[in-house]
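Heads up, the thing below is written out as structure tokens.
The values are calculated or read from the model by the stated rules, or taken from the named source; none is laboratory data. These numbers were taken from a predicted model, which means no experiment stands behind them. Note: ideal-geometry Cβ built from the backbone for every residue, glycine included; neighbour counts use all protein chains shown.
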Amino acid sequence: MTTVEEKSDKAEEFLEFFLQRLPYRETLDLFLVILEERPACLIMDPDKGEREKLAEFCREFDLEFREQSSKNESLLSSSGFFISCDEERFQKLQDSEGRFYGFSDRDVGDFLGFPEDDIEFFAENVEEGPVEVKTREITEKMVRENLISQEDAKYVNLVTYVPRPCEENVLEAVEQGKRFENKILEFDAKSDSSIGKRVLEEFYGKVLD
């Protein structure tokens, strides 16, 4: 895999495009993949121009990709663009069946490299309604009890999966989110760029110092 440091100018060009066209969470995940902090990512329902740019992005950074459409109209529409650091990772989706473009929640979570504990929580509760509520409640409770700071709480969302609503999982998410932010800002420092900061600002919804 070509490292982001070796092609920092191209990385910035692609991320500028994706920042304008894709949801900020998906742009963040693309960034984390080329920083080797994520083993894979999923872009949901990209249009033709976005698919072409994603394919170019994958070729530039030696990534594998597959487009997958669901045959069931009641499931997610259009096509999912699955990206991985290695081809073997797509085996995690074999013999799978579910709502994510024909794949199950569990197998997609495993493909994306999310923690097993949190994959199970999502898969077991998603059909009952939004799963973020319980995690948000436990995170707010931990802030009130001074177990984490308000500043720490923002990192729970940065991991881009929903942690199981218990203190241990939230703390793990905070630490992982901090690492992600450090790697992104480290890229900016090494490449004399501001794209990482801008991606984080979009994610946090505020200007960073």
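Things worth noting here:
- Selected residue (criterion: nearest to the chain's Cα centre (by Cα)) from residues of region 100-112 that are assigned to a helix (DSSP H, G or I) and farther than 14 Å from ILE43 by Cβ: GLY109
One line per residue, one yes/no per condition, for (1) closer than 29 Å to GLU13 by Cα; (2) buried (at least 20 other Cβ atoms within 10 Å of the Cβ); (3) of a type outside the set (Val, Ile, Thr); (4) modelled with pLDDT of 95 or more:
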| site | (1), (2), (3), (4) |
| --- | --- |
| ASP29 | yes, yes, yes, yes |
| PHE57 | yes, yes, yes, yes |
| PHE61 | yes, yes, yes, no |
| SER70 | no, no, yes, no |
| ILE83 | yes, yes, no, yes |
| GLN94 | no, no, yes, no |
| GLY98 | no, no, yes, no |
| ASP117 | no, no, yes, no |
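- Qualifying residue in region 155-176 (condition: surrounded by 13 or more Cβ atoms within 10 Å (Cβ to Cβ), assigned to a helix (DSSP H, G or I), in contact with a Lys or Arg (Cβ under 9 Å, 6 or more places away or on another chain) and without any contact (Cβ under 8 Å) to a residue 24 or more places away in the chain): yes
- Test: residue in region 79-98 that is part of a strand (DSSP E or B), out of contact with any helix residue (DSSP H, G or I) (no Cβ under 7 Å at 6 or more places or on another chain), among the small types (Gly, Ala, Ser) and over 17 Å from VAL162 (Cα atoms): yes
- Output for region 134-164, where each listed residue is under 19 Å from the mean Cα position of the chain (by Cα) and more than 30 Å from ASP86 (Cα to Cα): THR135, ARG136, ASP152, ALA153, LYS154
- Evaluating GLU97 against the criteria (1) under 19 Å from the mean Cα position of the chain (by Cα); (2) charged (D, E, K, R); (3) under 19 Å from LEU42 (Cα atoms) leaves one unmet condition, (1).
- Residue count for region 177-202 satisfying the condition of being surrounded by fewer than 19 Cβ atoms within 10 Å (Cβ to Cβ), closer than 26 Å to GLY109 by Cα and in contact (Cβ under 8 Å) with a residue 40 or more places away in the chain: 3.
- Selected residue (criterion: farthest from the chain's Cα centre (by Cα)) from residues of region 184-205 that are closer than 12 Å to LEU19 by Cβ and of a type outside the set (Lys, Arg): SER194
- Within region 119-147, residues that are touching a residue at least 12 places away in the same chain (Cβ under 8 Å) and more than 17 Å from SER104 (Cα to Cα) sit with their Cβ atoms under 6 Å from residues that are among the small types (Gly, Ala, Ser) and surrounded by 15 or more Cβ atoms within 10 Å (Cβ to Cβ), at 6+ positions apart or across chains, in these pairs: THR139/ALA153.
- The lone exception for ARG38 - which of (1) touching a Pro at 6+ places or on another chain (Cβ under 9 Å); (2) of a type in the set (Lys, Arg); (3) part of a loop (DSSP other than H, G, I, E, B) it fails: (1)
- Among the conditions (1) surrounded by fewer than 20 Cβ atoms within 10 Å (Cβ to Cβ); (2) part of a helix (DSSP H, G or I), PRO130 misses just one, which is (2).
- The set of residues from region 180-209 being among the hydrophobic types (A, V, I, L, M, F, W, C), assigned to a helix (DSSP H, G or I) and out of contact with any Gly (no Cβ under 7 Å at 6 or more places or on another chain) comprises PHE180, ALA189, ILE195, VAL199, LEU200, PHE203.
- So GLU151, is it at pLDDT 95 or above, surrounded by fewer than 18 Cβ atoms within 10 Å (Cβ to Cβ) and either in contact with a strand residue (DSSP E or B) (Cβ under 8 Å, 6 or more places away or on another chain) or farther than 26 Å from ASP45 by Cβ (or both): no
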